[in-house]
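Working notes, structure below.
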Amino acid sequence: MGETINSTVSSTGSTVKKKRVISLDVFRGLAVAAMIFVNAMAFSESTPWIFEHASWNGLTIADLVFPSFLFIVGVSMAYSFAARSGASKRSLWGHFLFRVVALFLIGVGLNWFTSNFTMIRIPGVLQLIALSSLCAAPLAKSKPRWILLAAAILLLVHGAILLGVGAPGIPAGTLEPGNNVDDWLDLQILTPNHTINANGDPEGILSILTATALVLLGLCIGRTLQLLDHNWKTMGILLAGGLISIIIGLLVSQVLPINKQLWTSSFILVCAGIGTLFLTLMFSYLDIKRWPNAFFWASPMGLNALVIYILSIVFTIPMHMDFFTNMGEIPLSFYDVSTIYFMDILGPGAGMVAYGLLVVLIWLIVASIMHWRHIYIKL
């Protein structure tokens with residue numbers, strides 16, 4: 001899940017303290033909070049469309065959330081590998097591979113748990129983070145231009161497969177729901193018993209290519225921040241890079257639509273561009289100017305991103321279990337009671353948003369208590 005520098009060991013063996021990159025903690029915390037917010041509202045038809053995933057082509061706020069987290073995983077990777085630069089290769093890669101395997105297995109376990117132990121979905125959010133991080137890690141200490149080249153190659157390969165490769169009953173270039181080479185490949189290899197539905201999986205096999213490209217684009221930004229001076233010229237370069245990424249993504253979308261379920265190249269480029277712009281502004285604001293941190297509340301969640309996200313998924317089930325009754329003795333869950341209350345006061349759409357914010361607040365409190373107690377759980 002990436003981490004920033006706490007300290008390094010000098011050649012004399014002493015520990016040299018380094019300042020954390022505040023913007024990374026804040027960005028990671030905001031991304032986790034947004035993931036929890038979107039997940040909390042995923043069960044209701046009253047959720048405003050902007051907080052729902054696009055049904056197919058298109059881009060909503062909800063579609064940006066997970067890619068933003070993958071992007072910051074890449075940025076953080078540059079710092080986490082630098083923080084362990086004094087470790088042996090065996091120790092460094094042993095620890096990293098342990099994290100990858102653990103993250104993947106936790107993801108599969110969460111899928112099994114949330115399905116009431118009825119099926120094992122192999123792909124998922126944590127699994128895609130694990131696999132894309134694994135594929136990107138060999139370039140963790142490379143120069144930005146080589147990282148950028150590797151990302152471009154992956155985006156081109158993925159696009160070529162979607163547009164140029166067909167399957168039985170699926171002509172090359174067909175990009176319809178449940179009728180494309182991406183979903184076909186998932187169903188052939190993973191089978192319908194191990195995907196999210198009978199049409200394939202949005203975090204399936206081919207998505208590893210472009211998810212890795214997104215992590216690499218984040219890594220490129222992280223390495224740029226490491227190698228260049230933290231001045232306004234560097235910030236200008238990053239802002240220009242973010243805008244160029246968005247523009248190229250929009251141009252590519254004329255041929256390959258922006259589509260999160262397929263993780264198309266245009267989708268990745270737009271998300272990476274937006275992530276670059278946001279991180280650059282945050283870095284300028286928090287790490288260069290050192291202005292007051294208006295997003296201080298997000299840092300604790302960023303410091304315990306993995307455990308907070310996992311707990312939020314685990315406790316989704318209890319929040320939907322019936323523990324209460326109304327006047328007519330009808331069983332109600334925490335979700336029912338909260339949404340009915342908020343909808344009665346604010347209306348359906350705003351009521352669901354209020355519920356999502358309530359769930360985020362609960363986990364912000366948990367993260368803040370952990371931070372206050374200096375409890376940080378990382379793989």
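Within the set of pairs 6+ apart or on separate chains, which have a first residue in region 357-371 that is within 12 Å of Leu303 (Cβ to Cβ) and of a type in the set (Phe, Trp, Tyr), a second that is buried (at least 16 other Cβ atoms within 10 Å of the Cβ) and at pLDDT 95 or above, and C-beta atoms under 9 Å apart?
Cβ pairs passing all conditions: none.
When you go through Leu239, Leu227, Leu216, Leu269 one by one, which is the residue that is surrounded by fewer than 18 Cβ atoms within 10 Å (Cβ to Cβ), among the aliphatic types (A, V, I, L, M) and within 21 Å of Leu70 (Cα to Cα)?
None of the other options fit; the residue is Leu239.
Given (1) surrounded by 18 or more Cβ atoms within 10 Å (Cβ to Cβ); (2) at pLDDT below 95, where does Phe296 come up short, assuming only one miss?
Failed condition: (1).
How many residues are touching a Gly at 6+ places or on another chain (Cβ under 9 Å) and charged (D, E, K, R) when one looks only at region 224-260?
The number of residues fulfilling the criteria is 1.
Just to be sure before I move on: is Ile246 among the β-branched types (Val, Ile, Thr), closer than 29 Å to Ser44 by Cβ and either at pLDDT 95 or above or under 18 Å from the mean Cα position of the chain (by Cα) (or both) in the structure I sent?
Considered against the rule, which asks whether it is among the β-branched types (Val, Ile, Thr), closer than 29 Å to Ser44 by Cβ and either at pLDDT 95 or above or under 18 Å from the mean Cα position of the chain (by Cα) (or both), Ile246 comes out as no.
Among the listed residues Val75, Val108, Val101, which satisfies the condition of being assigned to a helix (DSSP H, G or I), buried (at least 22 other Cβ atoms within 10 Å of the Cβ) and either touching a residue at least 12 places away in the same chain (Cβ under 8 Å) or of a type outside the set (A, V, I, L, M, F, W, C) (or both)?
So the residue among Val75, Val108, Val101 that is assigned to a helix (DSSP H, G or I), buried (at least 22 other Cβ atoms within 10 Å of the Cβ) and either touching a residue at least 12 places away in the same chain (Cβ under 8 Å) or of a type outside the set (A, V, I, L, M, F, W, C) (or both) is Val75.
Among the residues of region 194-203, count how many are in contact (Cβ under 8 Å) with a residue 24 or more places away in the chain and more than 15 Å from the chain's Cα centre (by Cα).
Residues meeting the conditions: 4.
The values are calculated or read from the model by the stated rules, or taken from the named source; none is laboratory data. Predicted model only: the values in this text are computed from it and were never measured. Using ideal geometry, Cβ is built from the backbone for each residue, glycine included, and neighbour counts are taken over all protein chains shown.
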